[in-house]
Amino acid sequence: QVQLVESGGGLVQTGGSLRLSCAASGRTFSSSNMGWFRQAPGKEREFVAAINYNSLTTYYTNSVKGRFTISRDNAENTVYLQMNSLKPDDTAVYYCAAHKFAILTTNVNDYGYWGQGTQVTVSS
């Protein structure tokens, strides 16, 4: 099993930056594919970014390409989401998740372990 704790959220102005961190506990982190999702009020949880276990493969939703970067440090059991050029539409609770399978996907149903979420608010 993997337990996940997100941090790094907050309030930022349009155009600003934040770096989210997700600390994982458990023996399987280094072999786990990981993802970031977000959920805005009244909306469904949506995929943001994903990274495979050895960082060779990453996926991004179109709206964050060129602005967000997902990375991981297996020695520190941590996955990161660097968010630049933030927009009000990025406002949401951001969740870290561990994938259930060996093949990386962007489907929320393929992720089996979730953190509690961290709030990101971008003011206009």
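The values are calculated or read from the model by the stated rules, or taken from the named source; none is laboratory data. Keep in mind that this is a model prediction, so the values were computed, not measured. Quick reminder, even Gly has a Cβ in these numbers, built from the backbone with ideal geometry, and neighbours come from all protein chains shown. SASA here: full protein model, heavy atoms, side chains in, ligands and nucleic acids out. Shrake-Rupley method; radii C 1.70, N 1.55, O 1.52, S 1.80 Å.
Listing for the model above:
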{"read-out": "Mean projected area in nm² (Cα convex hull; one quarter of hull surface) for the stretch 1-61", "value": "5.4 nm²"}
{"read-out": "Among 20-29, 36-45, the order from most to least packed when residues are scored by Cβ within 10 Å on average", "value": "20-29, 36-45"}
{"read-out": "Hits among lysines - C-alpha to C-alpha of residue 87 under 16 Å, sequence gap 8 or more where chains match", "value": "65"}
{"read-out": "Average accessible area per residue (Å²) across the chain - probe 1.4 Å, nucleic acids and ligands excluded", "value": "52 Å²"}
{"read-out": "Linear extension gain, residue 87 paired with residue 28, 0.36 nm per residue minus alpha-carbon span", "value": "17.8 nm"}
{"read-out": "Interchain or long-range residues, amide H under 5 Å from residue 111's placed H", "value": "100"}
{"read-out": "Net charge dipole size for the stretch 1-119 [Lys, Arg +1 and Asp, Glu -1 on Cβ; Debye, nearest 20]", "value": "80 debye"}
{"read-out": "Debye equation applied to the C-alpha atoms of the chain, log10 I(q)/I(0) at 0.13, 0.19 Å⁻¹", "value": "-0.44, -0.96"}
{"read-out": "For the stretch 42-96: rounded, prolate or oblate by the Cα gyration tensor [a/c cutoff 1.5]", "value": "prolate"}
{"read-out": "Carbon + sulfur, % of accessible area of the chain - ligands and nucleic acids excluded, 1.4 Å", "value": "46 percent"}
{"read-out": "The stretch 81-124: projected area of the alpha-carbon convex hull, averaged over directions, in nm²", "value": "3.8 nm²"}
{"read-out": "FRET efficiency for residue 73 and residue 123, using Cβ-Cβ distance with R0 set to 30 Å, rounded to 0.05", "value": "0.50"}
{"read-out": "Chymotrypsin sites (Phe, Trp or Tyr not before Pro) lying in DSSP loop within the stretch 77-124, provided at most 12 other Cβ fall within 10 Å", "value": "101"}
{"read-out": "Label-to-label distance, nm, for residues given as residue 59 and residue 102 (7 Å Cα→Cβ offset)", "value": "1.8 nm"}
